[in-house]
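To start, the structure under review is shown below, and the notes come after it.
The values are calculated or read from the model by the stated rules, or taken from the named source; none is laboratory data. What you see is a predicted model, and the numbers here were worked out from it, not measured in a lab. With ideal geometry, Cβ positions are generated from the backbone for all residues, glycine too; neighbour counts draw on all protein chains shown.
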Amino acid sequence: MRRELLGETLNQLAPASQAELLQLIVKESARGTDAIPLLTAFQDLPKATHQLSYEQVRLIYAEAEQQGYTQVQRLLLISQSNRNKPAVLKGHPSLSGTSLGMRKYMARKPNPGMLEKLLLDPDPTVIRNLLRNPRITEREVLKICSRRPNHPEVLEEVANSSKWSTRYQVKLALVQNPYTPSTVSLPLLPQLNTPHLERIASMDNLPPQVLYMAEEVLKNRNDDPEEVLDLSELAALDEAELPFASTLNLSVQPAGEHEG
């Protein structure tokens, strides 16, 4: 997975190179380039085998401060922020005694009244079947996206739907829901228009990662365009080698030096 490869690569770099790489990822992600998957991988880094220790984070932060990488400083400060923890959700009261298998079955059937009830279902597999039902319209999908509290896995089902994830209003609803995982919201931000981004940047109930990146995208739109650096090769990697050091001219240090 990308987070494992990114974690392994960061652990091979000196603090100065770690800070430089993160600065590049943040700047290019704000421009909507192929670096976005790397930014979402960094958000998932606490789950990776090759994590950054507290001492490594401290050294990267110090290096970022010295180099004036304010984006990296802020990224490090919010990277460990807690995600909203939704309450235990219940589906429609009339379906409280209905088995999961039956609810999944009914989600595939053309019964408008039943489909409306199933929009409240807390199980992502039921929602997956609903999203594939030809009777479902954007109105119903927006109800799923806007429900609060919600299960992150339910919102991920919408984001993973090839049919619905391309709809602008669906993207907007996902980003504006504080229960949407930041790994879903971050890639959507560069696809939103400026007025919506400005509104999102002022919403105090969204995860700090989302607020931060919304501000970065807005700043980038106000700045003069720069040459876009090609990170597509890095973002697409899913095998065991990452050519970060050679591609970005970053210095690799022997394992363990960064922890001294």
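Is it true that Leu24 is under 17 Å from the mean Cα position of the chain (by Cα) and either part of a helix (DSSP H, G or I) or under 19 Å from Pro207 (Cα atoms) (or both)? So Leu24 fails the test. When Gly91, Gly32, Gly97, Gly101 are checked against the criterion of being outside any helix (DSSP H, G or I), more than 23 Å from Pro181 (Cα to Cα) and not aromatic (Phe, Trp, Tyr), Gly97 stands alone in meeting it.
Has region 103-120 got at least one residue that is under 24 Å from the mean Cα position of the chain (by Cα) and of a type in the set (A, V, I, L, M)? Yes, region 103-120 contains a residue that is under 24 Å from the mean Cα position of the chain (by Cα) and of a type in the set (A, V, I, L, M).
Of all residue pairs spaced 6 or more apart or on separate chains, those with beta-carbon atoms under 6 Å, a first member in region 92-105 that is more than 12 Å from Lys117 (Cα to Cα) and a second member that is not in a loop (DSSP other than H, G, I, E, B) are Lys104/Thr125; Lys104/Val126; Lys104/Asn129.
Just for region 155-179: of the residues that are farther than 20 Å from Gln209 by Cβ and β-branched (Val, Ile, Thr), which one is surrounded by the most Cβ atoms within 10 Å (Cβ to Cβ)? Within region 155-179, the match that is surrounded by the most Cβ atoms within 10 Å (Cβ to Cβ) is Val170. Against the test of being basic (Lys, Arg) and in contact with a Pro (Cβ under 7 Å, 6 or more places away or on another chain), the options Arg74, Arg135, Arg139, Arg103 yield a single qualifying residue, Arg135. Of all residue pairs spaced 6 or more apart or on separate chains, those with beta-carbon atoms under 9 Å, a first member in region 56-73 that is more than 18 Å from Lys219 (Cβ to Cβ) and crowded, with 18+ Cβ neighbours inside 10 Å and a second member that is of a type in the set (Asp, Glu) and modelled with pLDDT of 90 or more are Glu63/Glu20. Determine if region 150-162 includes at least one residue that is of a type outside the set (Val, Ile, Thr), assigned to a helix (DSSP H, G or I) and farther than 30 Å from Glu216 by Cβ. No, every residue in region 150-162 fails to be of a type outside the set (Val, Ile, Thr), assigned to a helix (DSSP H, G or I) and farther than 30 Å from Glu216 by Cβ.
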